[in-house]
1. Among the residues of segment 115-133, count how many are in a helix (DSSP H, G or I) and more than 18 Å from Asn96 (Cβ to Cβ).
2. Please determine whether any residue of segment 57-73 is out of contact with any Pro (no Cβ under 7 Å at 6 or more places or on another chain), touching a residue at least 12 places away in the same chain (Cβ under 8 Å), loosely packed, with under 15 Cβ neighbours inside 10 Å and hydroxyl-bearing (Ser, Thr, Tyr).
3. Considering segment 74-92 alone, what residues qualify as being in contact (Cβ under 8 Å) with a residue 12 or more places away in the chain, part of a loop (DSSP other than H, G, I, E, B) and in contact with a helix residue (DSSP H, G or I) (Cβ under 9 Å, 6 or more places away or on another chain)?
4. What do you reckon, is Ala98 under 19 Å from Leu65 (Cβ atoms), in a helix (DSSP H, G or I) and either touching a helix residue (DSSP H, G or I) at 6+ places or on another chain (Cβ under 8 Å) or modelled with pLDDT under 90 (or both)?
5. Go through Ile141, Ile136 for me and flag whichever is part of a helix (DSSP H, G or I), surrounded by 14 or more Cβ atoms within 10 Å (Cβ to Cβ) and under 17 Å from the mean Cα position of the chain (by Cα).
6. Within segment 107-123, restricting attention to residues that are at pLDDT 85 or above, of a type in the set (Gly, Ala, Ser) and surrounded by 10 or more Cβ atoms within 10 Å (Cβ to Cβ), which residue is farthest from Leu172 (Cα to Cα)?
7. Looking at segment 154-177, which of the residues that are under 16 Å from Ile52 (Cβ atoms) and touching a Phe, Trp or Tyr at 6+ places or on another chain (Cβ under 6 Å) is surrounded by the fewest Cβ atoms within 10 Å (Cβ to Cβ)?
8. Starting from residues that are in a helix (DSSP H, G or I) and either modelled with pLDDT under 90 or in contact with a strand residue (DSSP E or B) (Cβ under 6 Å, 6 or more places away or on another chain) (or both), keep the ones in segment 145-164 and report whichever is farthest from Leu95 (Cα to Cα).
Amino acid sequence: MKFHLQLCLLVALSLSISAFAAPVVNGTQTWGAEQRELNDSAACFDLIRHSIIDSKLNHQPGENLVSYLSSLTNSLPKESNANYDKRFEGYIKLLNIAQHKLKIIKIPTVLSDKSAKNIASWQHVKNVIHDLPIQIKRLNIAWKLLLSDHKKMDPKLFVTTIQTCLAGYEALRDVRQ
């Protein structure tokens, strides 16, 4: 499991590097001008999906997504407090990378694809990811407070944040520049 987390963080770091190459217009970073940035951001969300959901660390047969995500906020069988802290810190790092990507997302004022479907897709992206930076910030604050007390994360906060990331992934798959 330790190797899996290290690999996920390494891939996440490599995905985040492209954020520093976002186009600059009138002195500010913009996003939406290049399809590559769209793909990189969707890939960041996909990494979260793969690392947290597809890994199925503690998945029980027939368990729904909310129950599974909630179970990840508890220690896994035979997991020490130190390993729990490392695992959850990995989740937080992945979410912080996603938040960095979101800071440079701006709906482009001029779209190459001016179809009604694409315009609606961009509006959907805006609606879906609107609260994600706040959710990630709350998760970071809660994690720092819990870490000092060796307590577990609030399942509702974690589940909501991951579900928003999944919705962001789905929304970004549909947009075109």
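The values are calculated or read from the model by the stated rules, or taken from the named source; none is laboratory data. Just so it is clear, the model here is predicted, and its values are computed rather than measured. With ideal geometry, Cβ positions are generated from the backbone for all residues, glycine too; neighbour counts draw on all protein chains shown.
1. 13
2. Within segment 57-73, not a single residue is out of contact with any Pro (no Cβ under 7 Å at 6 or more places or on another chain), touching a residue at least 12 places away in the same chain (Cβ under 8 Å), loosely packed, with under 15 Cβ neighbours inside 10 Å and hydroxyl-bearing (Ser, Thr, Tyr).
3. Within segment 74-92, Asn74, Ser75, Leu76 qualify.
4. So Ala98 fits the description; yes.
5. Values: Ile141 fails: surrounded by 14 or more Cβ atoms within 10 Å (Cβ to Cβ).
Going through Ile141, Ile136 in turn, just one is part of a helix (DSSP H, G or I), surrounded by 14 or more Cβ atoms within 10 Å (Cβ to Cβ) and under 17 Å from the mean Cα position of the chain (by Cα): Ile136.
6. Here the answer is Ser115.
7. Among them, the one singled out is Tyr169.
8. Asp149
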